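Undergrad: Got a structure here, written out as structure tokens. Questions coming.
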Amino acid sequence: MTTAKTTCPFCLNGCTSGVSFDGYQYRMAYFTDAEVNKGCLCPRGNSASIVIDHPERLCRPILDGKDTTWSEAETLVRRWFAAAKPEELALVYSRGRDLDDVKMMHGLARELGTRNLACGHIEPENSFGHRLQGVADASLKDVEAAKVMLLVGDVFNTSPVASNRMIAARYADRKSRLVVVDSIRTRESGFAHVFIQTRPGGEPFALIALAVLIDPKVVSGVDVDRCADLAGVKVEPLKAAAAVLGLDLPGFVGSAMHTGRVFSPILHSLASQLVAKAAEQPFVGFRESALPAGLSSFADLRQAVGAGKIKTLFWTGGLFPYSYAELMPELDKVENRVATAIFRPDPPVRGLVLPVVAELERSSAGSSYWGAVERKPLAAPLSGTREFAHVLGWLGRCDKVKPAPVKPVAAGDIPAMVAKAAGVSLQTRMTLLGQKSAIGLRGFYDDESVACLNPLEAAKLDVTDRNYVKVTSLSSAREFRVHVTDAVSPGVVSVGTNVHPNRALFPLGEDPVSGEMTVPPAQVEVERSGRVYMQGGENPSVWL
């Protein structure tokens, strides 16, 4: 039996992961001497052996939903790119591509003479790439030695293994203190000494007020009472949190963002860092992937696609458009579509889909929260797949060109951002929030067929945990079994966002501060369905 190990690619915690192979089946391997995870893996990390052996792995090119050959695929790609003018070409990269891949795409865009190169990873978490001047990165030692911690959003579900270190630090000393700020009362809040539950998307306003309460000099022109009101919280708990975070003790600030949870990702990121600056603590933004910006914004590219200006589109990475269901009708305006994937698209999509080597089957360099990492292949490439660089080579010369760095933001710029974000208004009674549970990918675990409702809302709809509700947004509709819980506030319904049918409920939007594309909370209508839950009639789901 052979055993291989690497750095897990499914988030940025830098866990050591591995598989053993007996000539027939891959099984997970665990390394108790691993510096970061000490032999532990989250459900996502534990899916490595499943990904390698998954029956839905794509092993041959697909054209309009039907298998084709690599030679035909190459002929079509070369023909399509040759027939389009530079301004009619568009390139998109998203999660699953490493920095070297992105550098090659920047080089390819230069070779093709197009500015239509965009980062398609528009999850809110990518805004952690925006940094505030004067804030240091947290290290693993900072987490382990922390006596005061601020966690924003559901950090535990974003980085479950890292949460082990946080819980250990929380209980290592009776004087240790934890503050949590979130719009949903997740399990994480149960460990907090101070929990501040904001209205949907209100976390940045609470954080900015908190920063000023810790150090009034950190930024001028901020009205604490106004920010508290925008956050939907009282000033008193903010003062209690400020007293904790203002202690001269070692600690850190950690923040997370999820699909359908944040209206202004850039303000959420910078507001979290502003507290770190005020408290003189290091900062870490917990996320699955970190990708640099392209030559154009995704919002501009989407506008060009919608206007019919793009003739040929090449999209690569794990979030090919079926993760953004709203884009599919717009993409029908693109004559030629090429994408890379490791799974068969479900549902099938128009255009050419090329099977490329998975992250787990290739070497790559990257970074974690705690520093640089090297990844080695856990298995040989699946027969029928091709290296990503091989596919790019069809299109032109791919010299590695480093993307332009994001300029740091000054604290003095934040009040103007607050003014822009304060203009976001809720148009209907119910707001749909997304939850990102650490339950793997491709439906390996829970089906996320549950909607969480506050008891007051459940009473208005006359529903209990035995009932179903229909949730309707501007982009989709779906029925969910009800879970009544005070984890969500009145006026809120929450669903998981690991599965595509749920993601389809969230229309794409723009960050009111930066104008970048994102996936904000959705305004929805919720009504009682005629369905009733029958015991044993379906798989139980995990409640909050």
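The values are calculated or read from the model by the stated rules, or taken from the named source; none is laboratory data. Note that the structure is a prediction, hence the values are computed from the model and not measured. Glycine also receives a Cβ, built like all others from the backbone with ideal geometry; neighbour counts cover every protein chain displayed.
Undergrad: Given the criterion under 30 Å from Ala84 (Cα atoms) and touching a Cys at 6+ places or on another chain (Cβ under 8 Å), identify the matching residue among Pro329, Pro345, Pro355.
TA: Just a single option satisfies the conditions, and that option is Pro355.
Undergrad: Something else: Among Ser363, Ser368, which is the only one that is of a type in the set (Ser, Thr, Tyr), without any contact (Cβ under 8 Å) to a residue 24 or more places away in the chain and farther than 30 Å from Ala83 by Cα?
TA: Ser363
Undergrad: Also, quick follow-up: Tell me which residues, restricted to segment 69-85, are in contact (Cβ under 8 Å) with a residue 12 or more places away in the chain and not basic (Lys, Arg).
TA: Trp70, Ala73, Glu74, Leu76, Val77, Trp80, Phe81, Ala83, Ala84
Undergrad: Name the residue that is surrounded by the fewest Cβ atoms within 10 Å (Cβ to Cβ), counting only residues in segment 16-43 that are without any contact (Cβ under 8 Å) to a residue 24 or more places away in the chain and small (Gly, Ala, Ser).
TA: Gly23
Undergrad: Now for a separate question. Picking from Phe320, Phe314, which residue would you name as being among the aromatic types (Phe, Trp, Tyr), buried (at least 21 other Cβ atoms within 10 Å of the Cβ), over 30 Å from Val244 (Cα atoms) and at pLDDT 95 or above?
TA: From the options Phe320, Phe314, the qualifying one is Phe314.
Undergrad: Between Ala48, Ala118, which is outside any loop (DSSP other than H, G, I, E, B) and either closer than 30 Å to Gly308 by Cβ or assigned by TED's automatic domain parsing to the domain that holds Asp346 (or both)?
TA: Of the residues listed, the single one that is outside any loop (DSSP other than H, G, I, E, B) and either closer than 30 Å to Gly308 by Cβ or assigned by TED's automatic domain parsing to the domain that holds Asp346 (or both) is Ala118.
Undergrad: Now for a separate question. Taking the conditions exactly as written (aliphatic (A, V, I, L, M), free of Cβ contacts under 8 Å to residues at least 60 places away in the same chain and out of contact with any Cys (no Cβ under 6 Å at 6 or more places or on another chain)), does Ala90 satisfy them or not?
TA: So Ala90 does not fit the description; no.
Undergrad: Has segment 479-487 got at least one residue that is under 23 Å from the mean Cα position of the chain (by Cα) and of a type outside the set (Phe, Trp, Tyr)?
TA: Scanning segment 479-487 turns up at least one residue that is under 23 Å from the mean Cα position of the chain (by Cα) and of a type outside the set (Phe, Trp, Tyr).
Undergrad: If you don't mind, another one. So Ala118 passes all but one of these: (1) touching a residue at least 40 places away in the same chain (Cβ under 8 Å); (2) more than 30 Å from Pro348 (Cβ to Cβ); (3) crowded, with 24+ Cβ neighbours inside 10 Å; (4) hydrophobic (A, V, I, L, M, F, W, C). Which condition number does it fail?
TA: (2)
Undergrad: Please verify whether Val102 is in the same structural domain as Asn336 (by TED's automatic domain parsing), among the β-branched types (Val, Ile, Thr), under 30 Å from Pro292 (Cα atoms) and touching a Ser or Thr at 6+ places or on another chain (Cβ under 9 Å), treating the condition exactly as stated.
TA: no
Undergrad: Mind listing just one residue for me: the one in segment 70-102 that is at pLDDT below 95 and of a type in the set (Lys, Arg) and, of those, farthest from the chain's Cα centre (by Cα)?
TA: Arg97
Undergrad: A further question on this structure: Taking the conditions exactly as written (surrounded by fewer than 16 Cβ atoms within 10 Å (Cβ to Cβ), small (Gly, Ala, Ser) and over 30 Å from His268 (Cα atoms)), does Gly371 satisfy them or not?
TA: It is false that Gly371 is surrounded by fewer than 16 Cβ atoms within 10 Å (Cβ to Cβ), small (Gly, Ala, Ser) and over 30 Å from His268 (Cα atoms).
Undergrad: I've got another one for you. What number of residues in segment 54-83 are surrounded by 18 or more Cβ atoms within 10 Å (Cβ to Cβ) and more than 17 Å from Val356 (Cβ to Cβ)?
TA: Number of matching residues: 2.
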